[in-house]
Amino acid sequence: MTIDGCTWIKKHALVFYFILAYAVTWCFEIPIALSAREMIKAQVPMAIHYLGAFGPMIAALMVTALTERTAGIRALLSRWFKWRVEIRYYAFAVLAPAVLFALAVLINRVATGVWPDLSLLGEADYLPYLGPLGALMLWFLTYGLGEETGWRGYALSHLQQRYSAASATLILAVLWAFWHVPAFFYRDTYIEMGLLGFPMFMVSITFATMVFTWLYNSTGGSLLLVILFHAFFNWLSVSEAGGASVGIVMSLPIILWAIFVVRRYGPENAAPVQRQVA
């Protein structure tokens, strides 16, 4: 890479990060979408969908290596192991999704008269049966570690250098939502939403992003905690084991909590402590 190229990347590191995150993820997801829509003859394995989740992490590591060298990589990866945080944040990251899932199960029991099959927690789209622990580990490694290392560990930290926590959250929410666009052309759950699917998705992801911002800032930049929350929440909220209303039951409190966070702590930090910056 030329000196001019390195200079441009350093000057526009955040822009380059998002371009790279999109490029890595979409190089897996666009072929799947084209294959699913029969726009190409090749049969692309749907399972490579999970590799796309590592786009944000790969982009974060590459841009950090180019702009901040070894010290930056060390600082970024150290947040994976930032475990010394208040116990209440562990309770939120792990127990809150479990409690909301249990509530969804009870509502399903009242509505249908039957208990959901909890073995369904071991299922993952496009893959053989993994078992509950295997499915949770899949979520932990992909949409936990793969996404959060980039979205919160790199993007949010750098956005909060320039903007308030609330503004940084809104910017990240929009870019995070559009990162999912190819999946709306092959994932059944997204396609079934119809024309209002993406607008509804963007609204929900905006509130979710605020909750992630609160958790990340409140724990002093712990990637471990946001990875755990992302993994547990997605694992439980997308599973048919929770019944037909599990998505709504688990998402509504997240919306309410996001509103509470901004009202309670204000837009500048969206947390009880100073916002985290790179």
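The values are calculated or read from the model by the stated rules, or taken from the named source; none is laboratory data. What you see is a predicted model, and the numbers here were worked out from it, not measured in a lab. Here the Cβ positions follow ideal geometry from the backbone for every residue, glycine too, while neighbour counts run over all protein chains shown. Side chains included, ligands, DNA and RNA excluded: accessible areas come from the protein's heavy atoms. Shrake-Rupley method; radii C 1.70, N 1.55, O 1.52, S 1.80 Å.
Restricting Arg109, Arg88, Arg84 to those that are outside any helix (DSSP H, G or I), open to solvent by 60 Å² or more (accessible area, probe 1.4 Å), over 28 Å from Ile19 (Cα atoms) and charged (D, E, K, R) reduces the list to Arg84.
Of the residues making up the stretch 91-106, those that are closer than 20 Å to Asn234 by Cβ, without any contact (Cβ under 8 Å) to a residue 24 or more places away in the chain and open to solvent by 60 Å² or more (accessible area, probe 1.4 Å) number 2.
Residues in the stretch 175-199 that are within 18 Å of the chain's Cα centre (by Cα) and closer than 19 Å to Ala47 by Cβ: His180, Pro182, Ala183, Phe184, Arg187, Thr189, Tyr190.
Residues of the stretch 227-275 that are part of a loop (DSSP other than H, G, I, E, B), in contact (Cβ under 8 Å) with a residue 60 or more places away in the chain and open to solvent by 50 Å² or more (accessible area, probe 1.4 Å): Ala244, Pro267, Glu268. Suppose we filter the stretch 15-44 for residues that are outside any helix (DSSP H, G or I) and in contact (Cβ under 8 Å) with a residue 12 or more places away in the chain; how many remain? The total comes to 2. Restricting the stretch 123-151 to residues that are aromatic (Phe, Trp, Tyr) and either farther than 13 Å from Tyr50 by Cβ or in a helix (DSSP H, G or I) (or both), the residue that is farthest from the chain's Cα centre (by Cα) is Tyr129.
Of the listed requirements (1) closer than 18 Å to Ala53 by Cα; (2) modelled with pLDDT of 95 or more; (3) buried (at least 18 other Cβ atoms within 10 Å of the Cβ), Val174 misses just one: (3).
Residues are listed down the side, and each one gets a yes or a no for (1) at pLDDT below 95; (2) of a type outside the set (S, T, N, Q):
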position	(1), (2)
Thr7	yes, no
Cys27	no, yes
Glu38	yes, yes
Met57	no, yes
Ala60	no, yes
Tyr89	no, yes
Val99	no, yes
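Each residue in the stretch 67-76 was checked for being hydrophobic (A, V, I, L, M, F, W, C) and open to solvent by 50 Å² or more (accessible area, probe 1.4 Å), and 1 pass. Hey, among the residues in the stretch 33-57 that are among the aliphatic types (A, V, I, L, M) and out of contact with any Phe, Trp or Tyr (no Cβ under 7 Å at 6 or more places or on another chain), which one's nearest to Arg152 (Cα to Cα)? The qualifying residue nearest to Arg152 (Cα to Cα) is Met57.
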